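Let me begin by handing over the structure; questions about it come next.
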Amino acid sequence: MAALDLFGRRWALRILWELRAGPLGARALLARCEGLSSSVLYQRLRELASSGIIAPSADGYELTRLGTALRDALRPLDEWAIAWAQEQEHNDQEPTER
């Protein structure tokens, strides 16, 4: 349950998503996460780092080995979300009967 508590916190998964392709600094993360305050960002970064999922690097923050494994584990969820969004779009385009 500790993992669900951590990932259920606002912005935690979004931060991990933004770090999926490589390290980013705090300014880049703030720019990519519109509406995220710097205080919440730094709180989530501390929580994710203390959990061993991310680590500070010369380029900002990056996924650790555990973070990379988590990213890989979330890939099927991402694929499902894409299929779901496409289905929703398809349903929105179908004419409705009167």
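The values are calculated or read from the model by the stated rules, or taken from the named source; none is laboratory data. Please read these numbers as outputs of a predicted model, since none were measured by experiment. Cβ atoms come from the backbone with ideal geometry, glycine included; neighbour counts cover every protein chain shown. Just the protein is used for accessible areas: all its heavy atoms, side chains included, with ligands, DNA and RNA removed. Shrake-Rupley method; radii C 1.70, N 1.55, O 1.52, S 1.80 Å.
Report, in whole Å, the centroid distance computed from the Cα atoms of the stretch 3-30 and the stretch 37-86.
Cα centroid of the stretch 3-30 versus Cα centroid of the stretch 37-86: 4 Å apart.
Can you list, largest first and rounded to whole Å, the semi-axes you get for the chain by taking the square root of 5 times each eigenvalue of its Cα gyration tensor? Don't skip to the answer; put the middle values down first.
On the way: eigenvalues 187, 49, 34 Å².
Semi-axes from the Cα gyration tensor: 31, 16, 13 Å.
Considering only protein heavy atoms, what per residue accessible area in square angstrom results for the chain with a 1.4 angstrom probe?
72 Å²
Sticking with this structure for a sec: Mind checking the angle between helix 38-50 and the chain's longest principal axis? C-alpha axes, 0 to 90 degrees, to the nearest 10.
Taking Cα atoms only, the helix is inclined about 70 degrees.
Go through 61-74, 80-93 and give me the packing order, highest mean Cβ count within 10 Å leading.
Numbers: 61-74: 15.6, 80-93: 9.4.
Most protected by this proxy first, the peptides run 61-74, 80-93.
At a 1.4 Å probe, what is the % contribution of carbon and sulfur to the accessible area of the stretch 1-53?
Carbon and sulfur atoms account for 53 percent of the accessible area of the stretch 1-53.
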